[in-house]
Amino acid sequence: MPPERLVHVVDDDNAVRRSLERLLQASGYGVRSYEGGQALLDSADSLQKGCLLLDVRMPDIDGTTLQLRLRKLGVLLPTVVMTGQGDVQTAVRAMKAGAVDFIEKPFSDEVLFRALEAALASGTQSDRERAAIDAARRIATLTSREMQVLEALVGGQSNKVIAYELGISIRTVEVHRARMMERLGVRRLAEAIRLAVMARLGASRSFASEDDRLLQAAPR
């Protein structure tokens, strides 16, 4: 198995980790698994090319802190994070810390493979900056109301709360949300949030500049 097809799975749940190992190996990926963040850090010097599939809720080192520590060590493997369903704020922090995508548990095989393929196809910092430019271009196509709905979703608000804050009906929020996703060309809310975060960070901004602040704010 070529090293670029390697997936490093980091999850403290043994059953989940073994299940992912079997699924990925059966689908043609090389797999190395780690029982937690410290186990991965202990192997940082020997990490090969590939990507990380990282659970963000782990007892020893949370996913965001692990991402930042790896970057401090010069380990820049593209990362897909796994979050709890509806845990938008955690996903946003992971994106700001450098994740290329996030998927919400429980996820389908199709969603997992699509995220991994995107991670494996991603490259250098300049590639990410180009992605940020593209994200900003797509976000700029939204109407002001669609932008308000998207920003509220990024903030973790429900359709009901958004409707109250904007003084519109829940049905109207749903319409704006559907049109927003259609205009962005995405099928999942996670993809829309990813574009919003990338556009917010901006192509001209140093992604590493937020590392210290995020590391200080991350749960211990």
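Any read-out appearing in this document is the output of simple, stated calculations on the displayed coordinates, not a laboratory observation. Predicted model, so just to flag it, every value in this text is computed and none were measured. Don't worry about glycine lacking a Cβ; one is built from the backbone with ideal geometry, like all the others, and counts go over all protein chains shown.
The simple spin-label model puts a point 7 Å past each Cα toward its Cβ; for R22 and E35 those points are separated by 2.0 nm. For segment 55-144, the Cβ-based charge dipole about the Cα centre amounts to some 400 debye (Lys, Arg positive; Asp, Glu negative; other atoms uncharged). Taken about its Cα centre, segment 132-201 carries a charge dipole of roughly 140 debye when the Cβ of each Lys and Arg holds +1 and the Cβ of each Asp and Glu holds -1.
Relative to the current alpha-carbon distance between K72 and N14, full extension at 0.36 nm per residue lengthens the span by 18.1 nm. Against the main long axis of the alpha-carbon atoms of the chain, helix 63-72 sits at an angle near 60°. For segment 132-201, the equivalent ellipsoid derived from the Cα gyration tensor has semi-axes of 20, 11, 10 Å, listed largest first. Tell me, L24, L41 in order of fewest to most beta-carbon neighbours within 10 Å? Ordered by Cβ neighbours within 10 Å, fewest first: L41, L24. Distance between the modelled labels on M147 and K105, one decimal in nanometres: 3.6 nm (7 Å Cα→Cβ projection). Between the entries (1) 20.2; (2) 18.8; (3) 18.0, the label attached to Kirkwood radius over Cα pairs in Å calculated for this structure is (3).
Quick one: net charge of F113's neighbours, Cβ under 13 Å, K/R +1, D/E -1? Kindly include the intermediate steps, with their values, before the conclusion.
Working: positive: R5, R114; negative: D101, D109, E110, E117.
Local charge sum for F113: -2.
Shown for the chain: lysine pairs separated by 8 or more places, or found on different chains, whose C-alpha atoms are under 23 Å apart, numbering 5. In segment 132-201, a dipole from Cβ-located charges (positive for Lys and Arg, negative for Asp and Glu) runs towards its positive end, and of L153, V197, L184 it is L184 whose Cα lies farthest in that direction.
Note on the chain: helix-only mean residue ellipticity at 222 nm, from DSSP H runs of 4+ residues weighted -39500 (n - 2.57) and normalised by residue number, equals -16500 deg cm²/dmol.
Exposure proxy for V92, V149: other Cβ atoms within 10 Å of each Cβ, ordered fewest to most, give V92, V149. Sorted ascending by nearby beta carbons within 10 Å, beginning with the fewest, F113, F107 become F113, F107. Positive-end ranking of L68, T83, L142 along the dipole of the chain, with charges on Cβ about the Cα centre, is headed by L142.
Working note: Karplus 6.51/-1.76/1.60 with θ = phi - 60° gives segment 136-144 the couplings 4, 5, 5, 4, 5, 7, 6, 6, 4 Hz, where Gly and Pro are set to x.
The S158 and S43 beta-carbon pair, evaluated with R₀ = 35 Å, returns a calculated FRET efficiency of approximately 0.30.
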